[in-house]
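Data first, discussion second: the structure below is written as structure tokens.
The values are calculated or read from the model by the stated rules, or taken from the named source; none is laboratory data. The structure displayed is predicted, hence computed values, not measured ones. FYI the Cβ positions are ideal-geometry reconstructions off the backbone, even for glycines, and counts take in every protein chain you see.
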Amino acid sequence: MPKKPTEDELDQQIIHTVETAKPESVQQLIDQVQALSSKSKQEILNRIMHLQQEEKIHLKPPQTPTPEKLTSYLGSNHARWYWVTITLTIATAIVVFTVPEDAFPLVYVRYVLGIIFILWLPGYAFIKALFPQTLPFTRALAHSLGTTEKNLDTIERVALSLGMSIALVPIVGLLLNYTPWGIRLTPIVLSLTTLTLAFATTAIAREYQIRIKQDASRILIPAS
């Protein structure tokens, strides 16, 4: 069988992946193409370089590198989610302890923040700590559904965050039931606040370490 049709088919797969999946790095592009092909990584890389030379795809330099220090990373746009999580968590605790239940209309702010605090923040911080970036099963599912990993990852994180929050809150209440403090408002709020802050801080530290490693191996970023 002639080799040319096989290379043409691989070239089309690479071009299609660049246009639809929008990979962030050459390594990610190779992994995505290899998931749909029996070709080796070296063969795929050779075809990527060939397509670049023929100007069928375009490669641009990497984005702004990750800051060398964690303190600098905390001040970058990458850490925006962290500060939003911290702000909402602390704001909720303050509002719960300072705004009485009969203080209308401020009590509605307490209700809104309370719902976010119970149904979203603990689970989101926990999932983020486990999977700082893309969820491990997103890539295969994205290929099967024909969608992008970024969009699917967002949907999955929302679902998992809600589910994990619903699971964590009863567990915290159960554990508090066996302590001298019992299941009361103050210990519940303080416990969930501590957990959320701990999970979020762990997540931002892990995310920073992963980005540092990615920057070390990232050479080019494909662009359609």
Within region 17-37, residues being surrounded by 14 or more Cβ atoms within 10 Å (Cβ to Cβ), at pLDDT 80 or above and within 13 Å of Leu51 (Cβ to Cβ) number 5
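Yes/no per residue for (1) within 14 Å of Phe126 (Cβ to Cβ); (2) hydrophobic (A, V, I, L, M, F, W, C); (3) modelled with pLDDT under 90; (4) part of a helix (DSSP H, G or I):
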{"position": "Leu162", "(1), (2), (3), (4)": "yes, yes, no, yes"}
{"position": "Val172", "(1), (2), (3), (4)": "yes, yes, no, yes"}
{"position": "Thr179", "(1), (2), (3), (4)": "no, no, no, no"}
{"position": "Thr196", "(1), (2), (3), (4)": "yes, no, no, yes"}
{"position": "Phe199", "(1), (2), (3), (4)": "yes, yes, no, yes"}
{"position": "Ala203", "(1), (2), (3), (4)": "yes, yes, no, yes"}
Quick check on my filter: what residues within region 39-80 are over 25 Å from Lys128 (Cβ atoms), modelled with pLDDT of 80 or more and surrounded by fewer than 16 Cβ atoms within 10 Å (Cβ to Cβ)?
Ser40, Lys41, Gln42, Asn46, Met49, His50, Gln52, Gln53, Glu54, Lys56
Kindly state which helices (runs of 4 or more DSSP H) lie completely within region 31-131 and contain at least 2 residues that are closer than 30 Å to Thr17 by Cβ and within 25 Å of the chain's Cα centre (by Cα).
80-98, 121-130
